1. If you take every residue apart from Ile33 with its C-beta less than 13 Å away from the C-beta of Ile33, what net charge results, scoring Lys and Arg +1 and Asp and Glu -1?
2. Using the 10 angstrom Cβ neighbour count as an exposure proxy, how do Arg56, Arg69 rank, fewest first?
3. For Gln55, list long-range residues whose amide hydrogen, built 1.01 Å from N in the peptide plane, is under 5 Å from its own amide hydrogen.
4. HN-Hα J couplings of the range 16-26 from phi, Karplus 6.51/-1.76/1.60, θ = phi - 60°, integer Hz, Gly and Pro as x?
5. If the chain between Leu5 and Ile101 were fully stretched, how many nm would it gain, using 0.36 nm times the residue separation less the Cα-Cα distance?
Amino acid sequence: MHFKLLIALVDNTKTDAVMDAARKAGATGTTVISNASGEGIEESKTFFGLTLETQRDVLLMLVEEHLSRHILETIQDAGEFDTKSGAGIAFQIDVEDVVGIAHQIETLTEKVEDKL
């Protein structure tokens, strides 16, 4: 079995919606890193020297490669990445090797066999 790591940088108000959508699309779990910050093409606004940034969460999802594109497109819609400026981004990277998921292999095998 081969895996992809989906990484989503999400406005914290959309975290739950993106996680729910990912699970319904086939993701078996998500790790959330809270309170990340950053800026995109537009600089963050300031008010009396204080930066006004929206809080972001980083979502990490290890998914089987045959499910990855569908999950990526699903979280794009749930997070409104292409319809709202600054809503977030998501991308996937190849994973060379994985340990610690033996308990999920049976569930993943059933889902992947349905897709093939």
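1. 0
2. Arg69, Arg56
3. The answer is Asn12.
4. 4, 5, 5, 5, 4, 5, 4, 5, 5, 7, x
5. Numbers: separation 96, 0.36 × 96 = 34.56 nm, distance 1.36 nm.
Length gained, Leu5 through Ile101: 33.2 nm.
Computed from the coordinates by the stated procedures, all read-outs in this text should not be read as laboratory data. Model, not experiment: these values are computed from the prediction. Virtual Cβ from ideal backbone geometry, glycine too; neighbours counted across all protein chains shown.
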